[in-house]
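The values are calculated or read from the model by the stated rules, or taken from the named source; none is laboratory data. Being a predicted model, the structure only gives us computed values, none of them experimental. Methodologically, a virtual Cβ is constructed for each residue, glycine included, from the backbone with ideal geometry; neighbour enumeration extends over all protein chains shown.
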Amino acid sequence: MILFLSVSIFLATVVGTIGLYLWLEARKESLPQRFKEIVGEEAGTPSNRIAASAGAWLGKYRKWCAAKAPAEIELVEMLSGKVLTGGRLLLNQAGIRSTGAYRIYLVVRWVLPVVLVVLAVVYAKVTGVATKSIILMVLVAGIAGVLLPDFVLRWKIRKRQEEITDSLPDGLDLLVVCVEAGLGLNAAFVKITEEFQLSSPALSEEFDIVNREMVAGKPRQEALRALTERTGVEDVKSLVAMLIQTEKLGTSLAQSLRVHSDSLRTRRRQRAEEAAAKTTIKLVFPLVFLLFPSLFIVILGPGAIQIFHSLISGSAK
């Protein structure tokens, strides 16, 4: 028990230290300027040389982390215009866009397997598990630690994409009404952002980002293409392709939106019918493995017991 408490305190200290480092890393750009303003030291003082060497060491550590990061990191980050992919793309599609999110994601992916393995070893030692079982527990804990962060992130992405897919036809209906009422596309995006804050926060956030990018001077086509990469939803891709084509050809935006909204609504109804048709197949497994055995035991159990008793009594005579 003392060993378990010691390891727990050690892990809590490590996690706290990592959190403090990430917090300081996020503030590191403003710290030298604030320190200079408060203390008023010259550039060549020993404290500044120590700070410079510490900054160089942190720069080398960041380069090492980037080298260890997944090689596929290259997608367009929506607000900064940087090219990112891999973990950054997954975080973007999950709606996690804070400054240190990617660092935290990497730290969790590297630290979680070690933590789970240590906890498995401590638990095995405390409970007195056999050596072969300890090896199996360590293997399972390591695999779970490697796969769990990516699984949770992809689950969050899937839920967010489903929310956007379900609420997009309603958003297009509102977009059609706004455009036919004489509003521009930017003003229509603002209206969608305001109206869908409660019913679909993900859709509201995405259209708000598109509108802010266009207000900041980003071309409309680039902002819309960034929307497709940021969401990864097929319906959004088709909508963006339609908007870009309408803008290039100069056709009626309201009519195009109305036709596309009807097609998306039909597609949503077809998905609902498909899901309803699949329920009968999905119910087979619970029925076969859970319900039918219980019915067989209840119905055939008394008869089987009587037959068994009759056979035993007959053989005894």
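Quick grid of which residues meet (1) part of a helix (DSSP H, G or I); (2) more than 26 Å from Lys156 (Cα to Cα); (3) touching a helix residue (DSSP H, G or I) at 6+ places or on another chain (Cβ under 6 Å):
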{"site": "Arg225", "(1), (2), (3)": "yes, no, no"}
{"site": "Thr251", "(1), (2), (3)": "no, yes, no"}
{"site": "Phe285", "(1), (2), (3)": "yes, yes, no"}
{"site": "Pro302", "(1), (2), (3)": "yes, yes, no"}
{"site": "Ile305", "(1), (2), (3)": "yes, yes, no"}
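Conditions (1) closer than 30 Å to Arg268 by Cβ; (2) touching a residue at least 60 places away in the same chain (Cβ under 8 Å); (3) out of contact with any strand residue (DSSP E or B) (no Cβ under 8 Å at 6 or more places or on another chain), marked per residue:
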residue: Thr99; (1), (2), (3): no, yes, yes
residue: Leu112; (1), (2), (3): no, no, yes
residue: Ala120; (1), (2), (3): no, no, yes
residue: Ala124; (1), (2), (3): no, no, yes
residue: Ala130; (1), (2), (3): no, no, yes
residue: Glu163; (1), (2), (3): yes, no, yes
residue: Leu168; (1), (2), (3): yes, yes, yes
residue: Gly171; (1), (2), (3): yes, no, yes
residue: Glu180; (1), (2), (3): yes, yes, yes
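Determine whether Glu274 is more than 18 Å from Asn186 (Cβ to Cβ) and not assigned by TED's automatic domain parsing to the domain that holds Val179. In short, yes. Checking the range 132-152 against the condition returns a match, with at least one residue being farther than 30 Å from Asp262 by Cβ, in contact (Cβ under 8 Å) with a residue 40 or more places away in the chain and either assigned to a helix (DSSP H, G or I) or of a type in the set (Lys, Arg) (or both).
Taken over the range 190-222, residues that are hydrophobic (A, V, I, L, M, F, W, C) and either outside any helix (DSSP H, G or I) or without any contact (Cβ under 8 Å) to a residue 24 or more places away in the chain (or both) amount to 6. Restricting attention to the range 269-281, the residues being over 15 Å from Asp166 (Cβ atoms) and surrounded by 10 or more Cβ atoms within 10 Å (Cβ to Cβ) number 1. One residue alone among Thr131, Thr165 is hydroxyl-bearing (Ser, Thr, Tyr) and modelled with pLDDT of 85 or more, and that residue is Thr165.
Taken over the range 101-131, the residue count meeting the criterion of being loosely packed, with under 14 Cβ neighbours inside 10 Å and either outside any helix (DSSP H, G or I) or of a type in the set (S, T, N, Q) (or both) is 4. Phe207 fulfils the conditions (1) surrounded by fewer than 20 Cβ atoms within 10 Å (Cβ to Cβ); (2) farther than 21 Å from Arg88 by Cβ except for a single criterion, (1).
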